[in-house]
Amino acid sequence: MLISIYIITIQLITILLFTSPAATSHYSSPSPPAAPFYESSPEPPSLAAEWLSAHATYYSDANDPMDALDGACGYGATIKDGYGLAATAVSETLFVRGQICGACFELRCFEEEVPFDRRRCGSGSSIVVTATNFCAPNYGFDAESGGGECNPPKQHFVVPVEAFEKIGIRKGGKLPVQYRRIKCRREGGMRFTITGSGIFNSVLISNVAGIGDIVGVKVKGSRTGWIPMGRNWGQNWHVNALLQNQPLSFEVTSSDGVTITSYNVAPKNWTFGQTFAGKQFES
């Protein structure tokens, strides 16, 4: 009898140990650590009426061809391609690994509660600029110092001096500004510049109206179905497929979820290096 009572007692203790909250809490998995800043995937600023704070600097000699060529978005000669002197480089926080390329921003000088800053603002007008380049961070300087303007988490614009002088007085240092993202207005259709060789096809998409930046592209030949393209860099999209000797159509999706399909944009006899115009997003 005593042995039976002892066995039952042991069983009850075992059940309580493995079913009580205190016991099970020892076996819970710890929460994963938060990802460091550089591994996060920030979202581009969306269209909004709210003005946000940033800073701007300028680069001189904006008419120098070296200042208007190439860039991290791949647009080539920004003046020739229609972006003119309204092109801007943006800091890493705004660039979002190239997705922001083609987006438009309105900038105005911000009169902070400091007399020096108030003296630097112009007539109160604003400018509209397009993100076409990347202002690389300089981790040799602190984000608050003179050389770290483009370091995370700073929101910074580098604009041509001609655009800068429309909102502020040119002096050394950076100008406090406010910015908001707006829709882009473009003349003509969306442009598709095809480069590559053999089965490697790269397409630069430029002159994009509406929200301006692109998140998805598909291409279709007369002998293929719709083929998704991958982002190579900036607004250059690529795919490995045999597309020569057939007309090409493109399906382009912007970051606000709108999709535009341009059928037979490139004719059957297209060649690498050519640019074709398709349909356009609404401004």
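Quick notes on this structure:
- Hits in the stretch 186-201 (condition: at pLDDT below 95 and either touching an Asp or Glu at 6+ places or on another chain (Cβ under 6 Å) or basic (Lys, Arg) (or both)): ARG186
- Residue in the stretch 262-269 that is within 16 Å of the chain's Cα centre (by Cα), at positive phi and not basic (Lys, Arg) present: no
- For the stretch 178-195, a tally of residues being charged (D, E, K, R) and part of a loop (DSSP other than H, G, I, E, B) returns 4.
- Every test in (1) modelled with pLDDT under 95; (2) of a type in the set (A, V, I, L, M); (3) crowded, with 16+ Cβ neighbours inside 10 Å is passed by ILE169 save one, and that test is (3).
- Residues satisfying the stated conditions in the stretch 237-251, i.e. over 19 Å from ALA277 (Cα atoms) and part of a strand (DSSP E or B): VAL239, ASN240
- Selection count where residues are in contact with a Leu (Cβ under 8 Å, 6 or more places away or on another chain), outside any loop (DSSP other than H, G, I, E, B) and closer than 29 Å to VAL128 by Cβ, scope the stretch 196-236: 1
- Residue match in the stretch 167-181 (condition: farther than 13 Å from ALA56 by Cα and either in contact with a His (Cβ under 8 Å, 6 or more places away or on another chain) or aromatic (Phe, Trp, Tyr) (or both)): no
- Extreme residue, farthest from the chain's Cα centre (by Cα), among residues of the stretch 119-177 that are of a type in the set (S, T, N, Q) and part of a loop (DSSP other than H, G, I, E, B): SER123
- Residue in the stretch 120-153 that is surrounded by the fewest Cβ atoms within 10 Å (Cβ to Cβ), counting only those that are of a type in the set (D, E, K, R) and in contact (Cβ under 8 Å) with a residue 12 or more places away in the chain: ARG120
- Condition met for ASN201 (within 23 Å of the chain's Cα centre (by Cα), in the same structural domain as VAL239 (by TED's automatic domain parsing) and at positive phi): no
The values are calculated or read from the model by the stated rules, or taken from the named source; none is laboratory data. Everything numeric here is computed off the predicted structure, so don't read it as measured data. Glycine gets a Cβ as well: all are built from the backbone with ideal geometry, and neighbour counts include every protein chain shown.
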